[in-house]
Amino acid sequence: MSRIRTRDELNQKRKEYLKALQAQSKQILVCGGTGCVAGGSLKIYAKLNEILKEKNIPCALKIGHEIEENSVGLKKSGCHGFCEKGPLIRIDPLGILYTKVKVEDCEEIVEKTIIGNEVVERLLYKDSQGKAYENQDSIPFYKNQTRVALEHCGKLNAESISEYIAEGGYQAVAKALFDMTPEEIIEEITESSLRGRGGGGFPTGRKWAQVLRQDVEEKYVVCNGDEGDPGAFMDRSMMEGDPHKVIEGMLIAGIATKAHTGYIYVRAEYPLAVERLKIAIEKATDRGLLGKNILNSGFDFVIHISQGAGAFVCGEGSALTSSIEGNRGMPRVKPPRTVEHGLFDKPTVLNNVETFCNIAPIINNGAQWYKTLGPEGNHGTKAFALTGNVVNTGLIEVPMGTKLREVIFDIGGGVSGGEFKGVQIGGPSGGCLCLNEEENHLDLNMDFDSLKKVGAMIGSGGLVVMNEHTCMVEVARFFMQFTQNESCGKCVPCREGTKRMLELLTDITEGRGTLQHIEMLEELADTISNTALCGLGKTAASPVVSTLKYFRDEYISHVVNHKCPAGQCKALVNLVIDSDKCKGCTKCARMCPVSAISGELKKAHVIDVEKCIKCGTCIDGCKFGAIRYE
């Protein structure tokens with residue numbers, strides 16, 4: 001690849017690459033995100049390549065200066081987002097999305113769609129009423145989203161710098177280098193009201209301004225890609241699907257704060273993200289968009305990748321920088337803040353992946369454009385990992401202030417397996433929202449300030465939907481167990497307090513709880529929140545506090561009536577056989593591992609509760625639905 005030496009050359013390359021892209025008669029975008037790769041998308045990619053060659057159809061696996069008219073572009077894209085329906089294939093310019101694709105479908109896709117311009121009906125997404133959607137953008141899951149950070153994910157070759165340049169990549173860097181001063185860049189970011197997407201929501205422009213003010217020569221830009229929340233995969237998908245956008249955001253941060261070195265901290269459990277980032281950094285360096293004298297501007301910037309071992313606490317700023325330095329990842333007392341004494345004790349800009357992915361669009365389009373998205377003080381969009389008891393799980397992005405109801409029912413397709421009960425938002429540091437006689441959080445605006453008022457937080461963006469069969473006490477216990485396991489142990493409130501809270505919650509779910517357990521939980525939650533060293537410790541009790549606030553009746557039922565209303569805590573439920581539904585087939589008796597079920601053929605059976613170990617094997621085996629927890 002030739003080095004791009006000037007801004008004019010960058011513009012010229014953009015025109016060349018865009019022309020090469022537009023010369024392709026079709027583009028086949030095979031989802032190369034982790035979820036679809038696990039489902040076999042790379043085998044699908046290989047098979048499509050094989051079939052195109054067999055049929056002598058010109059196939060372009062990458063673009064360059066050469067323009068081959070009517071060729072077919074075959075690409076491994078980033079995550080398309082609709083993980084529930086993977087492996088996914090998008091075909092442009094038709095905008096067709098094929099779902100749950102298998103290797104054996106490849107021949108038909110090439111014959112009908114690539115050659116014949118026809119649609120393979122059986123591979124289209126169909127809603128609950130059976131309506132098929134030919135165009136991806138018309139599918140409710142996509143139609144109701146607004147993508148800024150995820151703009152290119154699923155629509156570009158994730159490993160091609162040429163395609164990124166063709167779509168306007170690194171134009172924001174050129175603008176920042178030649179048309180703006182560092183102060184003007186920061187003023188634009190400040191005016192946009194962009195707040196950190198890693199959870200805290202701190203104003204990005206203010207953070208950058210604090211680093212610029214530090215009168216030292218050596219400064220750093222650090223990208224936090226240590227995504228540790230259970231069920232969250234937003235940052236991973238952006239690093240996998242649009243790595244150059246992350247790099248461009250970091251580069252602009254370097255220009256704005258006069259820093260010349262960047263680090264991307266990403267957990268080693270994200271091997272595909274690490275691989276794509278390495279490829280992107282290497283290609284950007286080869287093209288002269290990273291390294292020495294970028295675009296002949298005199299500005300230097302290099303980026304290194306630091307792989308973490310997967311400690312949740314390393315998502316906290318000071319613990320993260322400590323880990324990069326080669327030390328144990330543990331938070332430190334603040335002040336001083338990272339903007340003053342961060343990585344290697346130097347002023348440091350520290351933002352997460354999604355925050356950096358918003359930088360280039362703001363510089364290109366302006367702060368006023370960005371402020372058209374979301375309510376006052378909460379502008380822009382937010383990516384969420386939508387999981388749990390929801391029909392359509394996956395990666396989404398919506399304007400700040402979008403109502404929870406829209407996310408779950410319009411984009412998510414509604415609750416699966418029962419009625420809506422609540423959502424856990426923000427992971428272990430977040431809280432639970434609900435719908436009951438007193439609270440209706442379904443109509444709550446999803447933004448920093450609105451969520452804070454009800455005791456929750458956006459966090460990194462995990463959104464777990466729960467139906468009526470979910471035990472909220474068990475949910476609190478699950479997140480407390482996670483937090484306790486991940487505590488670095490440096491401060492007593494977090495190390496010992498979370499352990500005590502976990503013991504109390506375990507007692508409650510196993511039938512040993514009393515009203516005093518609830519009182520102790522509240523006292524411990526207050527103490528930990530006020531005395532823990534870092535932000536992770538201070539928010540460790542949030543799932544317990546929010547469930548006690550909005551689902552207190554479930555706690556009372558557990559400790560007073562010794563019943564689990566959701567039927568999930570095995571120590572507090574019994575298995576029973578409905579005599580009206582039981583046909584006396586004897587299957588349950590034959591399946592029971594402890595011989596707790598008895599009865600005669602063609603007569604209703606009974607369960608000996610003293611022998612029953614509540615394993616649920618009989619429920620799974622009964623085709624008449626006669627056995628239930630009670």
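Return a yes/no flag: does segment 144-157 have any residue that is in contact (Cβ under 8 Å) with a residue 40 or more places away in the chain, assigned to a helix (DSSP H, G or I) and surrounded by 20 or more Cβ atoms within 10 Å (Cβ to Cβ).
no
Would you confirm, using the coordinates I've provided, whether Glu167 is of a type outside the set (S, T, N, Q), over 21 Å from Pro271 (Cα atoms), surrounded by fewer than 22 Cβ atoms within 10 Å (Cβ to Cβ) and in contact with an Asp or Glu (Cβ under 9 Å, 6 or more places away or on another chain)?
Criteria met by Glu167.
Could you please let me know if Lys47 is outside any loop (DSSP other than H, G, I, E, B), of a type outside the set (A, V, I, L, M) and under 16 Å from Thr113 (Cα atoms)?
Answer is yes for this residue.
Taking segment 240-284 as the search range and keeping residues that are within 16 Å of Thr34 (Cα to Cα) and of a type in the set (Gly, Ala, Ser), which one is surrounded by the fewest Cβ atoms within 10 Å (Cβ to Cβ)?
The selected residue is Ala268.
Given the criteria touching a residue at least 60 places away in the same chain (Cβ under 8 Å) and surrounded by 16 or more Cβ atoms within 10 Å (Cβ to Cβ), does Ser546 qualify?
It is true that Ser546 is touching a residue at least 60 places away in the same chain (Cβ under 8 Å) and surrounded by 16 or more Cβ atoms within 10 Å (Cβ to Cβ).
Do we find that Pro593 is surrounded by fewer than 20 Cβ atoms within 10 Å (Cβ to Cβ) and either within 36 Å of the chain's Cα centre (by Cα) or outside the structural domain of Arg495 (by TED's automatic domain parsing) (or both) in this structure?
Here the answer is yes, as Pro593 does meet what is asked.
Scan segment 98-143 for residues that are of a type in the set (A, V, I, L, M, F, W, C), in a helix (DSSP H, G or I) and farther than 21 Å from Gly394 by Cα and jot them down.
Answer for segment 98-143, where residues must be of a type in the set (A, V, I, L, M, F, W, C), in a helix (DSSP H, G or I) and farther than 21 Å from Gly394 by Cα: Val103, Cys106, Ile109, Val110, Ile114, Ile115.
Among all residue pairs at least 6 apart or on different chains, which show Cβ distances below 6 Å where the first residue, located in segment 211-231, is of a type in the set (Phe, Trp, Tyr) and the second is part of a loop (DSSP other than H, G, I, E, B)?
From segment 211-231, the pairs are Tyr220/Ala259; Tyr220/Lys346.
Looking at segment 179-191, can you tell me whether even one residue there is under 17 Å from Pro347 (Cβ atoms) and without any contact (Cβ under 8 Å) to a residue 12 or more places away in the chain?
Within segment 179-191, not a single residue is under 17 Å from Pro347 (Cβ atoms) and without any contact (Cβ under 8 Å) to a residue 12 or more places away in the chain.
Can you name every residue in segment 442-464 that is at pLDDT 85 or above and of a type in the set (Ser, Thr, Tyr)?
Correct list: Ser450 only.
Residue-by-condition table, conditions (1) of a type in the set (A, V, I, L, M); (2) more than 26 Å from Arg276 (Cβ to Cβ):
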site: Gly168; (1), (2): no, no
site: Val173; (1), (2): yes, no
site: Asp179; (1), (2): no, yes
site: Thr190; (1), (2): no, yes
site: Ser193; (1), (2): no, yes
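Regarding segment 279-297, can at least one residue be identified that is of a type outside the set (Asp, Glu), under 21 Å from the mean Cα position of the chain (by Cα) and outside any helix (DSSP H, G or I)?
no
Which of the numbered conditions does Gly342 fail, given that it passes all the others? Conditions: (1) touching a Lys or Arg at 6+ places or on another chain (Cβ under 9 Å); (2) within 18 Å of Ser192 (Cα to Cα).
Every listed condition holds for Gly342 apart from (2).
Quick check on Thr387: is it in contact (Cβ under 8 Å) with a residue 60 or more places away in the chain and more than 26 Å from Ala253 (Cα to Cα)?
When the stated conditions are applied, Thr387 passes them.
Select from segment 335-347 the residues that are touching a residue at least 40 places away in the same chain (Cβ under 8 Å) and either under 20 Å from the mean Cα position of the chain (by Cα) or not in a loop (DSSP other than H, G, I, E, B) (or both) and list them in ascending order.
Leu343, Phe344
Please work out if Ala232 is surrounded by 19 or more Cβ atoms within 10 Å (Cβ to Cβ), small (Gly, Ala, Ser) and either at pLDDT 95 or above or in the same structural domain as Met446 (by TED's automatic domain parsing) (or both).
no
Having 3 or more residues that are modelled with pLDDT under 90 is the bar; report the helices (runs of 4 or more DSSP H) wholly within segment 497-574 that clear it.
It comes to 535-538.
The values are calculated or read from the model by the stated rules, or taken from the named source; none is laboratory data. None of these values were measured; they are calculated from a predicted model. Neighbour counts run over all protein chains shown; Cβ positions are idealised from the backbone, glycine included.
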